[in-house]
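Coordinate-derived values only; no laboratory data. Keep in mind the model is a prediction, meaning the values are calculated, not measured.
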Ligand code: DGI
Ligand code: FE
Ligand code: FE
């Protein structure tokens, strides 16, 4: 499937803001792939498709994940929006014909990250946070700079701020989010 076909399929699944964000992640992922030596074409596809399941209503996410036999943790059951990565990877495979494991993994883990990410996982995780249409959040200028200079430092910074943000909101923190943070702090 070429890019214009993917866009034709993707656009009606998203609202305007989410579509604009997805294009932003596509190009940000391409620029990070230039700098860090990853496959630019794969980075663009993963970026474009990463949130393809984001706009499915919350309870529908849970229903669909069950229907497709995807693994669902307790935290995901209680916060089904967290499932949009796993569901997105499922649809990438089934609806967009993506077979590449790097692309599917990057989509799966883009919200929480996971310990010991491969380069493509890191690029999508970071692009999602720094793309130009994101509203300015704390440290974003510095985090954007780190993305091009020191990817692991950037990941730690993003996770630190996300954990603080979730803590302030008293949101339940997914095990993977904390495990990812601990892993990258330990491995510096
Ligand atoms: O889908 P996007 O908005 O582009 O970005 P995303 O996939 O990173 O999702 C961001 C949301 O996910 C944000 O509201 C914070 C939330 N989130 C990230 N990690 C966790 C989390 N929510 C909970 N409850 N637990 C987490 O560990
Ligand atoms: Fe997302
Ligand atoms: Fe996103």
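Quick look at the numbers
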{"quantity": "Dimensions (Å) - the chain, Cα atoms, principal axes, largest first", "calculated": "38, 37, 28"}
{"quantity": "Among 166, 87, 140, residue whose mean-square fluctuation peaks in a GNM of the chain (springs only between Cα atoms under 10 Å)", "calculated": "166"}
{"quantity": "Helical contribution to [θ] at 222 nm, DSSP H n ≥ 4, -39,500 (n - 2.57), averaged over the chain, rounded to 500", "calculated": "-20500 deg cm²/dmol"}
{"quantity": "Pairwise centroid distance, computed over Cα atoms, of the range 59-85 with the range 124-154, Å", "calculated": "27 Å"}
{"quantity": "Kirkwood hydrodynamic radius (C-alpha pairs) into Stokes-Einstein, the range 8-110, 10 °C and 1.306 mPa s, D in µm²/s", "calculated": "115 µm²/s"}
{"quantity": "Mean separation of Cα contacts under 8 Å (6+ apart) over length of the chain, as relative contact order %", "calculated": "21 percent"}
{"quantity": "Gaussian network model of the chain, springs between alpha carbon atoms under 10 Å - residue of 143, 56, 123 with greatest fluctuation", "calculated": "56"}
{"quantity": "Candidates 126, 20, 35, ranked by Gaussian network fluctuation over the chain, Cα under 10 Å, top entry", "calculated": "35"}
{"quantity": "For the range 22-56 and the range 87-108, distance of Cα centres in Å", "calculated": "13 Å"}
